[in-house]
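Engineer: Okay, here's the structure, questions in a sec.
Just so it is clear, none of the values below were taken in a lab; they were calculated from the coordinates. Just so you know, these numbers come straight off a predicted model, no measurement behind them. Here Cβ is always computed from backbone atoms with ideal geometry, including for glycine, and neighbour counts include all displayed protein chains.
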Amino acid sequence: MEEIHIAGTGIWYPEDVITNDEIVSSFNAYVDDFNYKNKEAIDSGNTEQLDHSSSAFIEKASGIKTRHVIDKKNILDINRMMPLVEHEDESKLSIHTIVGIQAAKKAMKAANVEPSDIDAVILGTSHAARNYPSVAIEIQNELGIDGYAYDMLVGCSSTTFAINNAISDIASGLAETILVINPEISTPFVNYKKRDIHFIFGDGCVASIISKKNNSNNAFKIIDRKLITKFSNNIRSDWSYLARAAGDEKSFDDLLFYQNGNSVFKEVCPLVAKFIKNQLEKVNLSPNEISKFWLHQANSRMVNLIVSKIIGSDNFDTDLAPLPIEKFGNLASAGSMFAFNLHNDLKKGEKGLICSFGAGYSVCSIIVEKV
Ligand SMILES: CC(C)(COP(=O)(O)OP(=O)(O)OC[C@H]1O[C@@H](n2cnc3c(N)ncnc32)[C@H](O)[C@@H]1OP(=O)(O)O)[C@@H](O)C(=O)NCCC(=O)NCCS
């Protein structure tokens, strides 16, 4: 295969920050209010009392300390508990387009490419912004890029699967340079009234330039990529255009993101560790030849467990497997490339591994080498 590079990346994230103490204080105020208003039903056994959340649990269970969000005030307001956004129509750009363009401009600058160098835009995300037209085409139009553009959805692997599509299109001769954009505006879809979910997600966007060319001084060539999917209902959203016509009664809240986090943890860690080990064997690399593991940022314990299974030791520091989750929370599919963007100071010839895993289940691992 001709050399193909990750030639540059860029990230965008909102200014608003919510700490664990702030999200817990809001959640606990909601719980107290709920328990007070439902005291009779709770006392008579008809309704279950809600339990408090805690910052100590959140940090220990997930590693998350803060998250950046599009609307702190309304998320923390116990009478709303979700960000306030506007309906999107043709009178304005989609929020995904606005943040996508900001990340894309940084990626283009890092890769030293102009819109006229780009042949395609691929947008991968966990939550479709709308059915059509593709947000990628809107971004293509705004940036003045020729060629083709489309959106794709693969849950928390949308970013790496989109990069993989870009690599395939370039390898096949269809394109030379592709802009991959991954906006993850997750907070409107979070049920902030659920104790096991309310602390998990932040908002952010990453963009990457995938190219045959190497005009930048921080490019990484692609050595190998490997993908797998295995069906599971453990991370799920039942939101769909069919909801409008559904005859059975479900609320908006019933259709939001839900997960069996503990099963995900137990099933995905061994799956991913084995998957990466097999990939490294296939390309004749030993785990200690990998200088950096940029892994999906759903849970810091998962990142550490997977890396320790791969290298056969839990004696390593975050330099080997960076944890932007601490600051940004779970950024859905953007997490692994956020880690890459923020911690890619490798020397020429050093290798690293980008790996996403999540809903589907879906896993994609990409080995790169600094050139
Ligand atoms: C979600 C996650 C952080 C929860 O951590 P966990 O260690 O699995 O925690 P559990 O759900 O087993 O809960 C442990 C206990 O803490 C309690 N708990 C849950 N949320 C709590 C909170 N916010 N505050 C205090 N206690 C809480 C539970 O009720 C449970 O209590 P019990 O033992 O009395 O039943 C973790 O499972 C995870 O990150 N999994 C991976 C998820 C993932 O990759 N998803 C992909 C989406 S991108």
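Engineer: Under a Cβ-only charge scheme (Lys and Arg +1, Asp and Glu -1), can you give me the dipole magnitude of segment 1-109 about the Cα centre, in debye to the nearest 20?
Structural biologist: The dipole magnitude comes to about 420 debye.
Engineer: Next up: Taking just the C-alpha trace of segment 150-214, give me its Rg and Dmax in Å.
Structural biologist: 15.5, 49
Engineer: May I ask you to evaluate 6.51 cos²θ - 1.76 cosθ + 1.60, the Karplus curve with θ = phi - 60°, for each residue of segment 142-156 and list the ³J(HN,Hα) values in order in whole Hz, giving x for glycine and proline?
Structural biologist: So the Karplus estimates, Gly and Pro as x, are 4, 8, x, 9, 7, x, 10, 8, 7, 9, 8, 10, 9, x, 6 Hz.
Engineer: Please state the equivalent ellipsoid semi-axes for segment 16-56: what are the square roots of 5 times the Cα gyration tensor eigenvalues, largest first, in whole Å?
Structural biologist: Ellipsoid semi-axes (Å, largest first): 26, 9, 5.
Engineer: Per-residue counts of other Cβ atoms within 10 Å, averaged by peptide: what ranking do you get for 314-323, 270-279, highest first?
Structural biologist: 270-279, 314-323
Engineer: Roughly how big is segment 221-370's charge dipole about its Cα centre, with Cβ charges of +1 (Lys, Arg) and -1 (Asp, Glu), in debye to the nearest 20?
Structural biologist: Magnitude of the dipole: close to 520 debye.
Engineer: Sticking with this structure for a sec: Please report, in whole Å³, the volume per residue of the convex hull around the C-alpha atoms of the chain.
Structural biologist: Spelled out: Cα convex hull of the chain, divided by residues, is 144 Å³.
Engineer: From the residues 154, 127, 251, which one has its Cα farthest along the dipole of the chain in the positive direction, the dipole being from +1 and -1 charges on Cβ of Lys/Arg and Asp/Glu about the Cα centre?
Structural biologist: 154
Engineer: Convert each backbone phi in segment 74-91 into a coupling constant with the Karplus relation 6.51 cos²θ - 1.76 cosθ + 1.60 (shift: θ = phi - 60°), then list the ³J(HN,Hα) values in order as whole Hz, x for Gly and Pro.
Structural biologist: Per-residue couplings from phi come out as 6, 5, 7, 6, 5, 8, 10, 6, 6, x, 9, 10, 10, 4, 9, 9, 5, 6 Hz.
Engineer: Only helical DSSP H runs with n ≥ 4 go in: add -39500 (n - 2.57) per run for the chain, normalise by residue count and round the 222 nm mean residue ellipticity to 500 deg cm²/dmol.
Structural biologist: Roughly -10000 deg cm²/dmol at 222 nm, from the helical runs in the chain.
Engineer: Quick one: putting +1 on the C-beta of Lys and Arg, -1 on the C-beta of Asp and Glu, what dipole do you get for the chain around its Cα centre, in Debye to the nearest 20?
Structural biologist: For this selection, approximately 1060 debye.
Engineer: In a GNM of the chain with a 10 Å cut-off on Cα contacts, which of 40, 114, 289 has the highest mean-square fluctuation?
Structural biologist: Of 40, 114, 289, the most mobile in the Gaussian network model is 40.
Engineer: Quick check on the exposure proxy: order 82, 302 from fewest to most C-beta atoms within 10 angstrom.
Structural biologist: Ordered from fewest to most neighbouring Cβ atoms within 10 Å, 82, 302 come out as 82, 302.
Engineer: May I pose another question? Could you list which residues have their amide H under 5 Å from that of residue 152, counting only those 5 or more apart in sequence or on another chain, with H placed in the peptide plane?
Structural biologist: Close amide H contacts, sequence-distant or interchain: 123, 124, 125.
Engineer: Follow-up. So if I restrict to the alpha-carbon atoms in segment 196-262, what is the Rg, and what is Dmax, the biggest pairwise distance, in Å?
Structural biologist: Calculated on Cα positions, Rg and Dmax stand at 19.5, 57 Å.
Engineer: What's the Cα-based Rg to Rh of segment 221-370, Rh via Kirkwood?
Structural biologist: 1.04
Engineer: If I take all pairs of Cα atoms in segment 25-147, what percentage of them are more than 26 Å from each other?
Structural biologist: 49 percent
Engineer: Quick check on segment 122-276: what are the equivalent-ellipsoid semi-axes from the Cα gyration tensor, as sqrt(5λ), descending, whole Å?
Structural biologist: Each semi-axis is the square root of five times an eigenvalue, giving 31, 21, 14 Å.
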